[in-house]
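Nothing in this text is a laboratory measurement; each read-out follows from the coordinates by a stated rule. Every value quoted in this text rests on a predicted model; they were computed, and no experiment measured them. Note: ideal-geometry Cβ built from the backbone for every residue, glycine included; neighbour counts use all protein chains shown.
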Amino acid sequence: MNYFTHLLLAAGLPVLGFNTAVTPPPLSVAPVTTPSPMISRYVWPETLAPQTPSTVSTPISAVTSPVLSPSEATTMILLINQARRQQGLLPYTINPTLMALAQKRAQMIAQTGDFTSDLPQYGWPVQMEQQAGISAESMGAENIAEAGNVQQAFFMLMASPPHQANILSPYMTQIGVGVAPLPNGVAISELFTGPNL
């Protein structure tokens, strides 16, 4: 069991491959009408790989910066799953491999300033997922954000229809979230997949 898996199980969150029937306490989530003015930028979610795959030159294991705080990723997942429950959807199951990939993507965004789902070092999310051995019904969906903190990022993403569509997708069942520090906030990558094949 890796560090992320242990941490997520300790928080009572569902983890792929572990029987965890714990219901987390409800979170109060305020309705969103406009994104926070402190949010610096965001892009539309990328759900499909490009027609011509880009070259991936950096091995997935190459980025080794420390995690900002595992609780930051856990906070985002709790907020996302609360929003899903409010819409009558099942909560996402945390996939430890997606967690590790999302963390690497968030760290690369923070380190290089490349605010895109097609990272020069890794390519598109689906390319990283395939390289990591993931095989699921739907793959490659990613939300990225830069914000003052995780809560601001969540509200911004929920106020954006394409990002909200990833968060509330009835077809996606697994999630991985990565959070990396920025000088004035955080960089976030959220990866979503459907059920494993």
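One table, with the values for the structure above:
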read-out	value
Count - residues of region 160-171 that are farther than 19 Å from Thr116 by Cα and either in contact with a helix residue (DSSP H, G or I) (Cβ under 8 Å, 6 or more places away or on another chain) or surrounded by 17 or more Cβ atoms within 10 Å (Cβ to Cβ) (or both)	2
Where a residue in region 161-177 is closer than 21 Å to Ala132 by Cβ and its partner, wherever it lies, is among the charged types (D, E, K, R), with Cβ under 8 Å and at least six apart	Asn166/Glu142; Asn166/Glu190; Tyr171/Glu137; Ile175/Glu190; Gly176/Glu190; Val177/Glu190
Total residues in region 138-170, condition outside any strand (DSSP E or B) and β-branched (Val, Ile, Thr)	2
Residues satisfying the stated conditions in region 172-190, i.e. touching a Phe, Trp or Tyr at 6+ places or on another chain (Cβ under 9 Å) and not in a strand (DSSP E or B)	Met172, Thr173
